[in-house]
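Before any comments, here is the structure.
Read-outs throughout are calculated quantities, based only on the coordinates presented, and are distinct from any laboratory measurement. Quick caveat, the model's predicted, so the values are computed rather than measured. Backbone-built Cβ (ideal geometry, glycine too); neighbour counts: all protein chains shown.
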Amino acid sequence: MRKTKKERQQLLTETIQDNPFITDEQLASQFGVSVQTIRLDRMELAIPELRERIKDVAAKNYENEVKSLPIDEVIGEIVDIELDQRAISIFDVGQEHVFQRNGIARGHHLFAQANSLAVAVINDELALTVKASVSFVKPVKAGNRVITKAIVRGQHSEKNRTYIDVVSTVNTETVFKGEFEMYRTKGSGNHEIGN
């Protein structure tokens with residue numbers, strides 16, 4: 001049974017509160033209406049578009065959490081972070097990020113997302129990339145959403161090093177992999193590894 005506009009808007013508000021990362025397309029499918037109807041509902045309810053919601057969640061939840069760089073210097077939007085453990089960011093590839101000739105994303109954008117996430121996950125005032133070994137596995141195109149996960153693999157306190165594995169995916173397919181060796185001013189003692 002089709003819902004009234006008021007019922008749909010109430011459910012829309014609740015759905016977005018539960019999952020701020022849901023897209024207009026997913027909402028349209030869920031409510032059996034057009035994407036344009038969802039956009040109009042959001043405008044009437046003063047609910048920002050997805051990109052603004054992601055920024056808002058990141059600013060509220062992680063601004064005071066990230067120590068190694070200002071949150072607005074992270075490429076992509078951090079959607080989850082546990083310092084010295086793991087972090088996840090989302091990067092929406094736009095026309096400005098791709099080669100005009102073939103529509104494929106420039107590699108430095110994918111590297112920047114991965115590298116800035118590797119810096120952000122470190123629980124220290126200073127974190128610098130010492131070495132990175134990266135692989136561009138598959139081309140990324142305009143319109144793709146890149147989800148990047150950084151996992152702290154280990155640390156070497158005496159050398160003030162942290163080792164981080166980063167994997168970027170588009171629709172669950174791996175598009176980028178990297179191993180980062182990071183310098184930090186102090187060791188944390190978690191995930192100690194030998195020489």
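Which order do the peptides 13-25, 74-86, 117-129 take when ranked by the mean count of other beta-carbon atoms within 10 Å per residue, highest first?
117-129, 74-86, 13-25
Scaled to the compact-protein estimate 2.2 N^0.38 Å, what is the alpha-carbon radius of gyration of the stretch 5-47, rounded to two decimal places?
Rg over 2.2 N^0.38 Å, computed on Cα atoms: 0.97.
Can you give the translational diffusion coefficient of the chain in µm²/s, computed by Stokes-Einstein from the Kirkwood radius over Cα pairs at 37 °C and 0.692 mPa s?
Estimated diffusion coefficient is 180 µm²/s.
For helix 35-44, what angle does its Cα long axis make with the longest principal axis of the chain, in degrees from 0 to 90 and rounded to 10?
On a 0 to 90 degree scale, this one is about 90.
Output the 0 to 90 degree angle, nearest 10, between the alpha-carbon long axis of helix 107-120 and the longest principal axis computed from the alpha carbons of the chain.
70 degrees
Sort 43-49, 89-95 by packing, meaning the average of other beta carbons within 10 Å per residue, with the highest value first.
89-95, 43-49
Can you pull out the trypsin sites (Lys or Arg not before Pro) in the stretch 89-195 whose DSSP state is coil and whose Cβ has at most 10 other Cβ atoms within 10 Å?
For trypsin sites (Lys or Arg not before Pro) across the stretch 89-195 that sit outside H, G, I, E and B with at most 10 neighbouring Cβ atoms in 10 Å, the list reads 101.
Of all the Cα-Cα pairs you can form in the stretch 68-184, what percent are over 26 Å apart?
Taking all Cα-Cα pairs of the stretch 68-184, the fraction more than 26 Å apart is 17 percent.
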